[in-house]
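J.: First the structure, then my questions, so here it is.
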């Protein structure tokens, strides 16, 4: 964002006072301040008038751009419904109530400051409390003076629109997390105390005076029991689950190791043979739990699941006797007449009442080509309305769970083969058999001596516990995920980093990926002479429609407008230099001039232009490529097989063909993209598909790694494995190199832990694996892995782009 | 020497006390959000202040 601001400064473009985005077209001015859109300006005014201008007293404007905010008055009407309200309201004591909202836009200290002063904006709000980790806001309010809907609208007006959860309650505290802290605390407590009681014996070299050794043994067993039964229980349940599924994961040898360790210790203590391995046992559980905690923390930053659920409709407009009324979709009954607006999802199986319309099923099938409908056609739940609002009759109401199931369509949910799961599964089976065989071999070798036989066999199983290996992946990948998240690449799972590292082919989509989706749109003339284009652009400057604004962008066209009328939804008509100019949709031109232009299918978003009553040509939207993207593609081309699959029949094909050294295909339908990606995959190359997820959801799902490009973090795509912020895309070569480093670190950790195992196993087979040797070897190996994983990734992370994105 | 036994038991009890205190802190939700409280303490005025006593310039210094 910073570089964009700098490069634009020379052309006298200022940044928005509220959100810091460059004010490219039609900036809004209020006094000395400039805003990128009216939304930002109104938030600024609201805060200023409430005496909260200190919100802006930090380095960069902290606000969230309101340009894409969809402020619909009815958006929060659903909160008036008690059934929905109970999902948010934690308690309602009559005079005071408390509600919890999910607010995905919370991101910094300034957000926190502002939210906690929300009471200044409305006297009905008593206090508000923000939670940056889970991006949740709790609001205490007086139901007598402000409704729940009012609170939500206040939050929205302050620039932080809450997301109403589809099911469940907002911001539920993950119970598993609290449990993990407690398990870790119990293990740490036991580890420390048992170590304390074990050291005297190690120093002494022989059992202590009888009374003390007995006391210490009893204490050790007392402390170790809760570790076995409570702290380590997660490892036993997951090992049991994997055994039942007939899969040997690495949890199996861990569980075997832990059980053998504990049983052997008890046996040693009871028979008076030795002091047992309880210190190593508790220490091992402690380190393993640290690994789990680090992994959890990395997950916390990414609210993947919640974000894609926010696409789901909560309520729908139902036409009743008293006009349109928002109704929760659970209340829909057969025969209701509903109105679904563009980009909204049809919440039930329905039938079209309007003469015609269009929907796409991108979320259900991955196919985003709109389906044209005529009156009486069936529309399936999950379709997204394209173009204009549709009026429908409900044929079959649909439950939320079925809608959620549509989202979790097998095409999207199909589990991908992850390299890490493959390796750990194979390794788990190998490791378990190897340890068992070696233990048997050891027992046989020492056989006549039954005592040594048992001792060696158990020692092998204890030391062969692959704790360092199980620590390596979560710690390294958790750190990598966190560092990726800081620069604007969000992975669905840590293991995705390893698959990114193994990428051999990169396939790009064009529109919205290589080109910008929203900012800096321009339009070009199709079939008009220069002078006609000038007239059209001059008229377009009078209109607020996106295509008109794109036409008028850049150096201004001269001309005298004597008459101008804008028809919302149609176009603009007026007189420029005495000539009658009409810019708008084909039907608008038909209505104004009596001729119906036929729009070529491949034209894309465009407006027709008629001058003096005859149709002259089109204005077509073009999107400029992102800054630095061509260099990035060129750099990627030196080490990867880079392809372009574009849905457009492109005017700029020649240029893109050159950038991609001819490896470019145009006019690709979503299905063609899917087939192309699948073809690459079947020849053994591992494909990274980069697309915007709108017309290539299928290809994203088919690729080894599907990376969705988003200019708006709140908007995520169900089919992808990773989401990258649009302005980070030119940094893709650096990000991929970092992913390769992550893989190297994981492999190095594996190597080191195998080395420890070799040392430990030779000690065990020689019958010399004393409790002291284990007590030293075990923590050292775990700590080395911790340092290598977390430290190594942070070291390599210095190469990542500096500026934190949000 | 039996005094050592006493000390060990006392030490264990103290440690167990801290473990219990930690368990209570986790259970009461103090570990649910570790990002906001360290920032919140840097703001000068508490949200409970009245609107008038809260001058506009009072809270900007830390976030620069």
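The values are calculated or read from the model by the stated rules, or taken from the named source; none is laboratory data. What you are looking at is a predicted structure, and each value in this text was computed from that prediction instead of being measured. Here the Cβ is made from the backbone with ideal geometry for all residues, glycine too, and neighbour counts use every protein chain on show.
J.: Evaluate the following for residue A:207: is it loosely packed, with under 14 Cβ neighbours inside 10 Å, farther than 17 Å from residue A:292 by Cβ and either in contact with a helix residue (DSSP H, G or I) (Cβ under 8 Å, 6 or more places away or on another chain) or at the interface with chain B (Cβ under 9 Å from one of its Cβ atoms) (or both)? Spell out the reasoning first.
T.: Numbers: loosely packed, with under 14 Cβ neighbours inside 10 Å: no; farther than 17 Å from residue A:292 by Cβ: yes; either in contact with a helix residue (DSSP H, G or I) (Cβ under 8 Å, 6 or more places away or on another chain) or at the interface with chain B (Cβ under 9 Å from one of its Cβ atoms) (or both): yes.
Considered against the rule, which asks whether it is loosely packed, with under 14 Cβ neighbours inside 10 Å, farther than 17 Å from residue A:292 by Cβ and either in contact with a helix residue (DSSP H, G or I) (Cβ under 8 Å, 6 or more places away or on another chain) or at the interface with chain B (Cβ under 9 Å from one of its Cβ atoms) (or both), residue A:207 comes out as no.
J.: Checking residue A:716 against (1) modelled with pLDDT under 90; (2) buried (at least 20 other Cβ atoms within 10 Å of the Cβ); (3) assigned to a helix (DSSP H, G or I), which single condition isn't satisfied?
T.: It is condition (3) that residue A:716 fails.
J.: Report whether or not residue A:184 is within 13 Å of chain B (Cβ to nearest Cβ) and in a helix (DSSP H, G or I).
T.: Details: within 13 Å of chain B (Cβ to nearest Cβ): yes; in a helix (DSSP H, G or I): yes.
In short, yes.
J.: With respect to residue B:33, determine if the residue is at pLDDT below 80, out of contact with any helix residue (DSSP H, G or I) (no Cβ under 6 Å at 6 or more places or on another chain), at the interface with chain A (Cβ under 10 Å from one of its Cβ atoms) and crowded, with 16+ Cβ neighbours inside 10 Å. I'd like the intermediate steps shown before the answer.
T.: Numbers: at pLDDT below 80: yes; out of contact with any helix residue (DSSP H, G or I) (no Cβ under 6 Å at 6 or more places or on another chain): yes; at the interface with chain A (Cβ under 10 Å from one of its Cβ atoms): yes; crowded, with 16+ Cβ neighbours inside 10 Å: yes.
Criteria met by residue B:33.
J.: Of all residues in the stretch B:19-30, which are part of a helix (DSSP H, G or I) and more than 8 Å from chain A (Cβ to nearest Cβ)?
T.: Matches in the stretch B:19-30: B:20, B:21, B:24, B:25.
J.: Sort out which residues of the stretch A:452-483 are surrounded by fewer than 17 Cβ atoms within 10 Å (Cβ to Cβ) and without any contact (Cβ under 8 Å) to a residue 12 or more places away in the chain, and write them in order of number. Even if it seems obvious, please write down each step before you answer.
T.: Let us first name the residues in the stretch A:452-483 that are surrounded by fewer than 17 Cβ atoms within 10 Å (Cβ to Cβ), namely A:452, A:454.
Passing the criteria: only A:454.
J.: Just need a number here: residues in the stretch A:124-164 that are under 17 Å from residue A:97 (Cα atoms), within 14 Å of chain B (Cβ to nearest Cβ) and crowded, with 20+ Cβ neighbours inside 10 Å.
T.: From the stretch A:124-164, those under 17 Å from residue A:97 (Cα atoms) are A:124-130, A:136-155; that's our starting set.
Pick out the ones that are also within 14 Å of chain B (Cβ to nearest Cβ) and you get A:125-130, A:136-141.
After this cut, where a residue has to be crowded, with 20+ Cβ neighbours inside 10 Å as well, the list is A:125, A:128, A:130, A:136-137, A:139, A:141.
Total meeting the criteria: 7.
J.: Condition first: more than 12 Å from residue A:609 (Cα to Cα), modelled with pLDDT of 80 or more and not in a loop (DSSP other than H, G, I, E, B). Now tell me which residues in the stretch A:510-537 satisfy that.
T.: A:530, A:531
J.: Name the residue, out of A:487, A:456, A:507, that is within 30 Å of residue A:647 (Cβ to Cβ) and at pLDDT 85 or above.
T.: Values: A:487 fails: at pLDDT 85 or above; A:456 fails: within 30 Å of residue A:647 (Cβ to Cβ).
Every option except A:507 fails the conditions.
J.: Just to be sure, is residue A:210 over 30 Å from residue A:178 (Cβ atoms) and at pLDDT 85 or above? Steps first, answer last, please.
T.: On the way: over 30 Å from residue A:178 (Cβ atoms): yes; at pLDDT 85 or above: no.
So residue A:210 does not fit the description; no.
J.: Considering (1) assigned to a helix (DSSP H, G or I); (2) more than 7 Å from every other protein chain (Cβ to nearest Cβ); (3) at pLDDT below 85, say which one residue B:52 fails and leave the rest.
T.: All conditions are met except number (1).
J.: Can you go through A:119, A:113 and tell me which one is within 14 Å of chain B (Cβ to nearest Cβ), surrounded by 23 or more Cβ atoms within 10 Å (Cβ to Cβ) and assigned to a helix (DSSP H, G or I)? Outline the logic, then answer.
T.: Working: A:119 fails: surrounded by 23 or more Cβ atoms within 10 Å (Cβ to Cβ).
Result: A:113 is the single residue among A:119, A:113 that is within 14 Å of chain B (Cβ to nearest Cβ), surrounded by 23 or more Cβ atoms within 10 Å (Cβ to Cβ) and assigned to a helix (DSSP H, G or I).
J.: Residue A:671 is checked against (1) in a helix (DSSP H, G or I); (2) at pLDDT 80 or above and fails just one. What number does that condition carry?
T.: (2) is the only condition that residue A:671 fails.
Per-residue answers, yes or no, for (1) within 28 Å of residue A:446 (Cα to Cα); (2) out of contact with any strand residue (DSSP E or B) (no Cβ under 8 Å at 6 or more places or on another chain); (3) modelled with pLDDT under 85:
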residue: A:739; (1), (2), (3): no, yes, no
residue: A:760; (1), (2), (3): yes, yes, no
residue: A:772; (1), (2), (3): yes, yes, yes
residue: A:783; (1), (2), (3): no, yes, no
residue: A:787; (1), (2), (3): no, yes, no
residue: A:790; (1), (2), (3): no, yes, no
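J.: Here's another thing I want to ask about it. Sort through A:325, A:331, A:380 and tell me the only one that's surrounded by fewer than 20 Cβ atoms within 10 Å (Cβ to Cβ), at pLDDT 70 or above and under 28 Å from residue A:701 (Cα atoms).
T.: Numbers: A:325 fails: under 28 Å from residue A:701 (Cα atoms); A:331 fails: under 28 Å from residue A:701 (Cα atoms).
The unique qualifying residue is A:380.
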